[in-house]
Amino acid sequence: MARPIRPAILILIIWLGFALRLHELASVPLRGDEAFSALNWANIPLHQSLTEIAALEPHPPLAYALFRLWRLLIGGIDSPFTLRLLSVLGNLIGVSGAYALAFRLSGKRIGGIAAALVWGIHPYEIWHSQDFRNYAVWAGLSVTSLWLGLRLIDRPLMRNWLLYALMAITSALMFYTEVFISIALVFVAICWKKSDRRFLSRFFFLQGIVLSSALLAFLILQAGLLASGAYPGNLESLYVPDFLFRFLPVLTLGETVPGSPRWLWIALALAFALFTFIVAKGSRREIQFIAAIVLVPFLLLGVLALRVNIFHPRYVLGTVPAFVLLISLGSARLAVWIAKATGARQGYVIILLLAPWVFLSTWSLHAYYNDAAFRKSPAWDELGDFLNSRVTSDDLVIQLSADAAFGYYYRGPAADRALPSGPLQSANSIIDELEAARTRYDSIYVVSNAIPSWRNARVVEDWMRENMQPVMLSDASGLAIRQYMEWAVLEAAATPLTSFGGAVDLLEYRFFDDPLPTGELLLRVYWRPLAITAKSLKSFVHVYGDANPETGSILWTQDDQFPQSGRVDSSSWAPGEVFRDVYYLPAQTLQDGSYELRLGWYEPVSGDRLLTDAGSDSFLLQGFDYPPKP
């Protein structure tokens, strides 16, 4: 009765893995690398991406081809959900691949089921499955290639040679470090088939074809990068302790374990030491295979990282099957021993043994889905939506972080540029661009957050602060939004809307009734001083409506300030010189309804207000509805 149940269990695990990979798939906007893939892999003709983009970003040709084909199939790149679905489906292959690999290696179906479960809920695989890059697809292909390679070594039939060759070359042309796995299989073949020289010579030749395919693709597309030093990598250089303290945890539980507690990593190391002992005691064949798949890629990545800064766990994602095998086969063998010693059913025992891995994976996944600290990407979509509805062709948008995700979500009429364009751009070059922009555009938006490690990170913001007036300060869930104009107001209405006490004219204003992302209503007012006052005056903007049921007052929100927040003083200002003031009216307390916007001036010590030409102590700018009517 056990055999009919196990296929059903495998199917349930596949559906579980599918559900976890679909969960919240589009809840977070594309991150920079994903957006780059969407814009420059998927959305341009293949010949263009292979000749222009591949020369800058060293990925194999099949990655560009697959992503371009996917875009043609789904009809566009506007939906993060459909874009990421490619990674979901590509990685889901790994559930069956892990099952087949564990079953082929151990001959135990229960080990295969355990391996499928560990892969299905694996946090790092799921993270990449929800990422529009080639890593998840490569991982799914790689574990399948391992299974076919293992089957070929066991049974060197013609169809097995062909199937493995096809999958190995496909995997290597999906991601270059797949050749590490091919080299690892060479060591496995030597250990297992050292007396079969005919097989080994053929196997070496086949692996030579796999390596040659990847090398040829690299030489055609990217040979100039490493030779010229044009691609130094954009991650870390080799740091050997990371293999234990970073790679091991990430490749088993992902990068989303809250707090990364030291006790957990110690327990993890002890667990793997135990499983290594159990697997080695039970089968030399199994431990040789696992050791080769871990150690060879780690060693080769370390050697490569001496020259190129690519020391990151994702570049050895192909080693995940080895850790899955340690967990699943170690648990299966331990379950057999416990079941024999206690008389318990083996299936129940392995469930108990896998429970800690299920718990830890669930813990990591819960943090990934729900903890803002592990959010994959900032709110590029929110920033893009705000700018798309706000900017005009007379504005310039400067993006500080040089992130491709901005270009994916921003579609406004204003010109945009990344500044600094890179970490090596000189301060003088940046300032020259800013000086030219201030004379060409009515306003400049400075958005997102500078990269702290860049030595030129503060140049734009410091220059803006020293030379231009901030006329809008907000942020989109942590992504800064700043708008600047010249301090000098060159054009304003000549005829005032009203005057206040013969001291200052109200020339014009602009009110934005659509709240800023941070929840304020923005008002810009243009004033013209008429006379110097004996005491410093303060201006106010009030929003009135029906009586607030909580406070009983008709005043709902306000902003009182000295001119330009103290930069200008009415006791010393220059009559006739127009200046701009900016007011922020918190709208969080406003209820649905109609309101009116009034402003005026007063002496802050006595509270006496200046009267308008009409004799009122405030001036009605306009009425408005909140929220704004469409």
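The values are calculated or read from the model by the stated rules, or taken from the named source; none is laboratory data. In this text, all values refer to a predicted model and were calculated from it rather than measured experimentally. No Cβ is skipped: glycine too gets one built from the backbone with ideal geometry, and neighbour counts run over all protein chains shown. What goes into the accessible areas is simple: the full protein's heavy atoms, side chains included, and nothing from ligands, DNA or RNA. Shrake-Rupley method; radii C 1.70, N 1.55, O 1.52, S 1.80 Å.
Okay, here's what the table says:
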read-out: Extreme residue, nearest to the chain's Cα centre (by Cα), among residues of the range 23-50 that are under 17 Å from Tyr124 (Cβ atoms) and open to solvent by 10 Å² or more (accessible area, probe 1.4 Å); value: Arg31
read-out: Every pair of residues 6+ apart whose Cβ atoms lie under 7 Å, when the first sits in the range 194-213 and is surrounded by 15 or more Cβ atoms within 10 Å (Cβ to Cβ) while the second is assigned to a helix (DSSP H, G or I) and of a type in the set (Ser, Thr, Tyr); value: Gln207/Ser182; Val210/Ser182; Leu211/Ser182
read-out: Helices (runs of 4 or more DSSP H) within the range 43-149 that include 1 or more residues over 21 Å from Leu22 (Cα atoms) and out of contact with any strand residue (DSSP E or B) (no Cβ under 6 Å at 6 or more places or on another chain); value: 61-74, 80-106, 109-120
read-out: Qualifying positions in the range 51-93 - under 21 Å from the mean Cα position of the chain (by Cα), open to solvent by 30 Å² or more (accessible area, probe 1.4 Å) and β-branched (Val, Ile, Thr); value: Thr82
read-out: The range 296-320: number of residues that are open to solvent by 10 Å² or more (accessible area, probe 1.4 Å) and under 17 Å from Val250 (Cβ atoms); value: 5
read-out: Residues located in the range 355-407, provided they are within 30 Å of Leu117 (Cβ to Cβ), open to solvent by 40 Å² or more (accessible area, probe 1.4 Å) and part of a helix (DSSP H, G or I); value: Ala355, Pro356, Val358, Phe359, Thr362, Trp363, His366, Tyr369, Asn370, Ala372, Ala373, Phe374
read-out: Single unsatisfied condition, Ala492 versus (1) modelled with pLDDT under 95; (2) loosely packed, with under 15 Cβ neighbours inside 10 Å; (3) more than 29 Å from the chain's Cα centre (by Cα); value: (2)
read-out: Criterion (surrounded by 20 or more Cβ atoms within 10 Å (Cβ to Cβ) and of a type in the set (Ser, Thr, Tyr)) met by exactly one of Ser571, Ser539; value: Ser539
read-out: Candidates Trp70, Trp41, Trp15, filtered to the one that is within 24 Å of Ala402 (Cβ to Cβ) and without any contact (Cβ under 8 Å) to a residue 60 or more places away in the chain; value: Trp41
read-out: The range 481-501 residues that are without any contact (Cβ under 8 Å) to a residue 12 or more places away in the chain, paired with ones that are acidic (Asp, Glu) and surrounded by fewer than 20 Cβ atoms within 10 Å (Cβ to Cβ) (beta carbon under 9 Å, 6 or more apart); value: Ala488/Glu577
read-out: Test: residue in the range 344-366 that is among the polar types (S, T, N, Q) and modelled with pLDDT under 90; value: yes
read-out: Test: residue in the range 486-503 that is under 24 Å from Pro586 (Cβ atoms) and of a type outside the set (Val, Ile, Thr); value: no
read-out: Any chance Leu253 is within 26 Å of Leu365 (Cβ to Cβ) and under 26 Å from the mean Cα position of the chain (by Cα); value: yes
read-out: Test: residue in the range 204-221 that is over 39 Å from the mean Cα position of the chain (by Cα), at pLDDT 95 or above and hydrophobic (A, V, I, L, M, F, W, C); value: yes
